[in-house]
Amino acid sequence: MVKPSHQHRDPFERETKILNVISNTSVLLMSLMTEVFSDAFTNVAQALASSLATGFGAPEETIKDMDKKVDDMKTEIPKKMLETVMNMKHDMHQQLQEKKKDLIPLLADPIFDKGITIAEDYHSSLPPLTQDLDELSLLKYMALLKTEDGECTHMFQALIGWMNELPQPKQ
């Protein structure tokens, strides 16, 4: 059930909040998927390199050097991932702004208010997902999701479920 407080707000503020919730949730989802992929990639690379080096009888120094390179990758990938996350956020924000005129009639559907309610009902020290979040706030949300914070995870799952229910623009 949508709270009445969301039904009588300024339409521009409502549209902005909706687009921010969609953008922030999408960026967090893509970020988490990217991080899982990068973790899997580095773990496979480390196992493969170690197996090959051991199988070919490489000296212990070579194996240690390969492990160091993979460890360096593990620290470099998150830095690049952050850059990628912020680029994704920028691109998504730009695309939503470009398509805003086409989206406005679609955003009139009251189902979009549910996303605002879900995001604003989550209380933490972080700004709500209805705001245009900076990189530090997005990273903090990612940290909460990675540590499986119960409330944050529940909100995120509810937002993903909500996004799956949203009407799609006509092509």
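So, of the residues in segment 117-127 that are small (Gly, Ala, Ser) and modelled with pLDDT under 95, which turns out to be surrounded by the fewest Cβ atoms within 10 Å (Cβ to Cβ)? Show your work before the answer.
Within segment 117-127, the first condition is being small (Gly, Ala, Ser), and the residues that meet it are 119, 124-125.
This time we only want the ones that are modelled with pLDDT under 95, so: 124-125.
Details: 124: 13, 125: 5.
Among those residues, the one meeting the criterion is 125.
Kindly check whether there is at least one residue in segment 84-93 that is more than 18 Å from the chain's Cα centre (by Cα), within 29 Å of residue 10 (Cβ to Cβ) and surrounded by fewer than 17 Cβ atoms within 10 Å (Cβ to Cβ). If you could, list the steps in order and put the result at the bottom.
Taking segment 84-93 as the starting set, the residues that turn out to be more than 18 Å from the chain's Cα centre (by Cα) are none.
No; the residues of segment 84-93 include none that is more than 18 Å from the chain's Cα centre (by Cα), within 29 Å of residue 10 (Cβ to Cβ) and surrounded by fewer than 17 Cβ atoms within 10 Å (Cβ to Cβ).
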For this session: All but one of (1) over 17 Å from residue 20 (Cα atoms); (2) out of contact with any helix residue (DSSP H, G or I) (no Cβ under 9 Å at 6 or more places or on another chain) hold for residue 124, so report the exception by its number.
Result: (2)
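Looking only at segment 140-156, count how many residues are touching a Leu at 6+ places or on another chain (Cβ under 7 Å) and surrounded by fewer than 16 Cβ atoms within 10 Å (Cβ to Cβ).
Initial filter on segment 140-156 (touching a Leu at 6+ places or on another chain (Cβ under 7 Å)): 140-142, 145, 152-153, 156.
Among the residues that remain, those that are also surrounded by fewer than 16 Cβ atoms within 10 Å (Cβ to Cβ) are: 153.
Count: 1.
Condition first: among the hydrophobic types (A, V, I, L, M, F, W, C) and either touching a strand residue (DSSP E or B) at 6+ places or on another chain (Cβ under 8 Å) or over 14 Å from residue 156 (Cα atoms) (or both). Now tell me which residues in segment 90-125 satisfy that. Walk me through how you get there before you give the answer.
Residues of segment 90-125 that are among the hydrophobic types (A, V, I, L, M, F, W, C), as a first pass: 92, 96, 103-104, 106-108, 111-112, 116, 118-119.
92, 96, 103, 104, 106, 107, 108, 111, 112 - these are the residues of segment 90-125 that are among the hydrophobic types (A, V, I, L, M, F, W, C) and either touching a strand residue (DSSP E or B) at 6+ places or on another chain (Cβ under 8 Å) or over 14 Å from residue 156 (Cα atoms) (or both).
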Problem set entry | segment 101-116, residues that are assigned to a helix (DSSP H, G or I) and at pLDDT 90 or above | 111, 112, 113, 114, 115, 116
For this session: Looking only at segment 128-139, count how many residues are surrounded by 16 or more Cβ atoms within 10 Å (Cβ to Cβ) and free of Cβ contacts under 8 Å to residues at least 40 places away in the same chain.
Result: 2
Problem set entry | Residue ID - farthest from the chain's Cα centre (by Cα), chosen from residues in segment 118-149 that are assigned to a helix (DSSP H, G or I) and under 20 Å from residue 163 (Cα atoms) | 121
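The values are calculated or read from the model by the stated rules, or taken from the named source; none is laboratory data. This is a predicted model, so every value here is computed, not measured. When we count neighbours, we look across all protein chains shown, and the Cβ atoms used for this are built from the backbone with ideal geometry, even at glycine.
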